[in-house]
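A.B. asks: First, the structure itself, so that you have it in front of you.
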Amino acid sequence: MAVKRVGVQFYGRVQGVGFRWRCKMTATETGLTGFAFNESDGSVKAEFQGEESRINQLIYELDHDHFIRIENMDIRIMPLKDNESGFQVW
């Protein structure tokens, strides 16, 4: 099981709908680490690290939440961060 880190910029109805907290809850449940924060343009920036299948599961769950509406995502592979623990929201 390959571990990877992805950076994702989420666009759409992603602020004011519990998006970051959903990221944290789902990441914690699936054993992912990383962070999420609101950008001034209305998007949310996040990084997720862990097994690729779990990252895909998290993104799927976010995209199928009935309060959230993801219109677009920019996804890029990032270098792994050693010794990161937990998922932070700010």
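A.B. asks: Under the condition of being within 13 Å of the chain's Cα centre (by Cα) and assigned to a loop (DSSP other than H, G, I, E, B), which residue from region 16-54 is surrounded by the fewest Cβ atoms within 10 Å (Cβ to Cβ)?
C.D. replies: Among residues in region 16-54 that are within 13 Å of the chain's Cα centre (by Cα) and assigned to a loop (DSSP other than H, G, I, E, B), the one surrounded by the fewest Cβ atoms within 10 Å (Cβ to Cβ) is Gly31.
A.B. asks: May I pose another question? Kindly provide the set of residues from region 1-50 that are touching a strand residue (DSSP E or B) at 6+ places or on another chain (Cβ under 7 Å) and among the basic types (Lys, Arg), ordered by number.
C.D. replies: Correct list: Lys4, Arg5, Arg13, Arg20, Lys24, Lys45.
A.B. asks: Here is a follow-up. For region 56-76: of the residues being closer than 12 Å to Arg22 by Cα and touching a Gly at 6+ places or on another chain (Cβ under 9 Å), which is surrounded by the fewest Cβ atoms within 10 Å (Cβ to Cβ)?
C.D. replies: Phe67
A.B. asks: Considering only region 1-15, state which residues are in a strand (DSSP E or B) and over 9 Å from the mean Cα position of the chain (by Cα).
C.D. replies: Val3, Lys4, Arg5, Tyr11, Gly12, Arg13
A.B. asks: Can you name the residue in region 55-83 that is in a helix (DSSP H, G or I) and without any contact (Cβ under 8 Å) to a residue 12 or more places away in the chain and is also nearest to Met1 (Cα to Cα) among such residues?
C.D. replies: Among residues in region 55-83 that are in a helix (DSSP H, G or I) and without any contact (Cβ under 8 Å) to a residue 12 or more places away in the chain, the one nearest to Met1 (Cα to Cα) is Asn56.
A.B. asks: Quick one: is Phe87 aromatic (Phe, Trp, Tyr) and modelled with pLDDT under 95? Full working, then the answer.
C.D. replies: Details: aromatic (Phe, Trp, Tyr): yes; modelled with pLDDT under 95: no.
For Phe87, the condition - aromatic (Phe, Trp, Tyr) and modelled with pLDDT under 95 - is not met.
The values are calculated or read from the model by the stated rules, or taken from the named source; none is laboratory data. Because the structure is a prediction, the values reported are computed rather than measured. Reconstructed Cβ throughout: ideal geometry from the backbone, glycine too, with neighbour counts over all protein chains shown.
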